[in-house]
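Colleague: Sending over a structure as C-alpha cells; questions will come in a sec.
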Ligand SMILES: Cc1ncc(C[n+]2csc(CCOP(=O)(O)OP(=O)(O)O)c2C)c(N)n1
C-alpha cells in the first residue's frame with residue numbers, strides 16, 4: 001500500500017487556490033423551516049447561504065430584514081474590532097505588548113452572531129472572537145488590561161494575552177487547547193435544558209481545530225441529548241500554515257452535521273446579513289427544543305495567524321485581495337449606503353470616533369501597569385485563585401518561596 005501525504009490546495013508562490021471554491025449566488029439557496037429534519041435539508045451544507053449581492057442589495061429568502069439601527073450597530077462593532085486589532089498589532093511591534101491575535105477579515109462572524117443571540121446565551125469562543133466582547137459592550141481598556149496582565153486585569157495575569165474570560169457578559173474562558181470549548185458548550189447547553197430555561201450555548205472552533213476529538217464528542221452528545229447549542233466552524237482557510245484541505249475541507253465542514261442528525265448550514269462568513277440570518281435560524285431551532293445546528297462560516301484569515309507568524313512563508317502574499325467574498329466591513333458599509341442609511345461622511349466620523357476611543361483606552365489601561373515598568377504581582381501570586389482550598393503540599397511550597 002502506498003500512503004501519500006495529502007497535498008495542500010494552496011501554497012506560497014502558487015497561484016491562489018480560489019478557482020475551485022463552491023460558491024452559490026446571493027439569494028439562490030432556499031430557506032427551509034427551522035424545524036426541518038437534518039436529512040431533508042442536507043443539501044444546505046454543500047451550498048453557500050448568501051444575502052448581499054454584488055450590487056449591495058439584500059436578496060433572497062435568507063434576508064433577515066433587519067432594522068437599519070441593527071445594521072449600523074453591526075458596522076460599528078466590526079469597525080471597532082478592526083481598529084482595535086490594528087492598534088494592538090502596532091503596540092506589539094513597538095514592544096509594548098508581548099503577543100496578539102488579529103481577526104482581520106472575519107469581523108462579521110463575531111459581530112453578527114453576537115447580535116443575533118440574547119445576552120443570557122453563553123458564548124464559548126476561540127482566541128479569534130474578541131469581537132464578541134466588544135459587541136457585548138465590554139470597554140476596550142478591559143481587554144487591554146488582560147493583554148498587559150496589569151493590575152486592571154480581571155484574570156490577575158494568570159492567562160496568556162488574548163485568552164480572555166468574562167463571566168459578566170457570558171463569555172467563557174478561552175482555552176489554548178483547541179476545541180475543548182466545543183464539548184464544554186454542549187455540557188452547558190445540557191444543563192440549560194435540565195434547568196428548564198431557554199438559554200442556549202454558542203461555540204466556535206477553527207476548521208483546523210475541528211480535526212480534534214472534542215469536535216466529535218460535541219456533535220455526538222448534542223445530537224443524542226438534542227441540546228440547545230449552536231456549533232460554529234470558522235473556516236478561514238488556514239490553520240497557521242496548514243490550508244483547510246488538510247483538515248478535510250475538500251468536503252464541506254458543514255456536511256459533517258448530517259451524519260450526526262444535525263442540520264449543517266454553510267454560510268458566507270463575510271456577509272453580515274447572511275451570518276445573522278443563519279444564527280437566528282439555529283437559535284430559533286435550539287430554543288424550541290429541536291437541538292443543535294452546525295454552521296460553517298466560510299471566510300478568510302486576512303492577516304497572520306498571530307504576531308509570531310509570517311504568512312508570506314506559506315501562502316501568496318496577496319491572497320486576500322483575491323478572496324471572492326470580499327471584505328465584510330466594506331460590504332455592510334456599501335449596503336447601508338445603498339439603502340440610504342449611511343454615508344461616506346458618517347463613516348469617516350465613526351472611524352475617527354473609534355480610533356480616538358481605542359487610543360484613549362490604551363492610555364487608560366497602561367496607566368494601570370505596563371510590560372516594562374510593572375507593577376508586577378509578587379511571585380507567590382501564582383498560588384492564588386487556583387484552589388478554593390489549597391492542597392497542603394502547595395501551601396508548603398508557597399511558604400518556602402516566602403522564606404527565600
Ligand atoms: C490541541 C491543540 N493542538 C494544536 C495546537 C497548536 N495550535 C494553536 S493554533 C493552531 C491552528 C488553529 O487553526 P484553526 O483551528 O483553523 O483556527 P484559526 O487559528 O485559523 O482561527 C494550532 C495548530 C493547540 N493549541 N491545541
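Colleague: Any residue in region 228-236 that is out of contact with any strand residue (DSSP E or B) (no Cβ under 8 Å at 6 or more places or on another chain), outside any helix (DSSP H, G or I) and either touching a residue at least 40 places away in the same chain (Cβ under 8 Å) or surrounded by 22 or more Cβ atoms within 10 Å (Cβ to Cβ) (or both)? Full working, then the answer.
Modeller: Keep residues of region 228-236 that are out of contact with any strand residue (DSSP E or B) (no Cβ under 8 Å at 6 or more places or on another chain), which gives none.
Checked region 228-236: no residue is out of contact with any strand residue (DSSP E or B) (no Cβ under 8 Å at 6 or more places or on another chain), outside any helix (DSSP H, G or I) and either touching a residue at least 40 places away in the same chain (Cβ under 8 Å) or surrounded by 22 or more Cβ atoms within 10 Å (Cβ to Cβ) (or both).
Colleague: Within region 124-137, is there a residue that is part of a strand (DSSP E or B) and either surrounded by fewer than 19 Cβ atoms within 10 Å (Cβ to Cβ) or in contact with a helix residue (DSSP H, G or I) (Cβ under 6 Å, 6 or more places away or on another chain) (or both)?
Modeller: Here is the first cut: in region 124-137, the residues part of a strand (DSSP E or B) are 124.
In the following step, the residues that additionally are either surrounded by fewer than 19 Cβ atoms within 10 Å (Cβ to Cβ) or in contact with a helix residue (DSSP H, G or I) (Cβ under 6 Å, 6 or more places away or on another chain) (or both) were identified as 124.
Looking through region 124-137, at least one residue is part of a strand (DSSP E or B) and either surrounded by fewer than 19 Cβ atoms within 10 Å (Cβ to Cβ) or in contact with a helix residue (DSSP H, G or I) (Cβ under 6 Å, 6 or more places away or on another chain) (or both).
Colleague: Got a sec? Which of 116, 112, 179 is in contact (Cβ under 8 Å) with a residue 12 or more places away in the chain, over 20 Å from residue 214 (Cβ atoms) and either surrounded by fewer than 18 Cβ atoms within 10 Å (Cβ to Cβ) or within 13 Å of the chain's Cα centre (by Cα) (or both)? Steps first, answer last, please.
Modeller: Values: 116 fails: either surrounded by fewer than 18 Cβ atoms within 10 Å (Cβ to Cβ) or within 13 Å of the chain's Cα centre (by Cα) (or both); 179 fails: over 20 Å from residue 214 (Cβ atoms).
Answer to the check: 112.
Colleague: Among (1) out of contact with any strand residue (DSSP E or B) (no Cβ under 6 Å at 6 or more places or on another chain); (2) within 8 Å of the ligand (Cβ to nearest atom); (3) under 23 Å from residue 112 (Cβ atoms), there is one condition residue 206 misses while meeting the rest; what is its number?
Modeller: Result: residue 206 fails condition (1) only.
Colleague: Looking at (1) closer than 29 Å to residue 365 by Cα; (2) within 14 Å of the ligand (Cβ to nearest atom); (3) touching a helix residue (DSSP H, G or I) at 6+ places or on another chain (Cβ under 7 Å), can you tell me which one residue 115 breaks?
Modeller: (2)
Colleague: Could you check residue 404 against (1) more than 20 Å from residue 153 (Cα to Cα); (2) modelled with pLDDT of 90 or more and say which number it fails?
Modeller: Looking at each condition in turn, residue 404 falls short on (2).
Colleague: Just to check your reading of the model, which residue among 88, 158 is modelled with pLDDT under 95 and either within 18 Å of the chain's Cα centre (by Cα) or more than 16 Å from the ligand (Cβ to nearest atom) (or both)? Break it down into steps so the answer makes sense when it comes.
Modeller: Working: 88 fails: modelled with pLDDT under 95.
After ruling out the rest, the residue left standing is 158.
Colleague: Would you pick out the residues in region 369-381 that are more than 28 Å from the chain's Cα centre (by Cα), closer than 18 Å to residue 95 by Cα and assigned to a loop (DSSP other than H, G, I, E, B)?
Modeller: Taking region 369-381 as the starting set, the residues that turn out to be more than 28 Å from the chain's Cα centre (by Cα) are 369, 372-381.
Adding the requirement that they be closer than 18 Å to residue 95 by Cα leaves 369, 372-376.
The answer is 369, 372, 373, 375, 376.
Colleague: Same structure again: Are any of the residues in region 215-224 buried (at least 19 other Cβ atoms within 10 Å of the Cβ), touching a strand residue (DSSP E or B) at 6+ places or on another chain (Cβ under 8 Å), free of Cβ contacts under 8 Å to residues at least 60 places away in the same chain and assigned to a helix (DSSP H, G or I)?
Modeller: yes
The values are calculated or read from the model by the stated rules, or taken from the named source; none is laboratory data. Just so it is clear, the structure is predicted and the values come from calculations on it, not from any experiment. Heads up, the Cβs are rebuilt from the backbone with ideal geometry, glycines too, and the neighbour counts pull from every protein chain shown.
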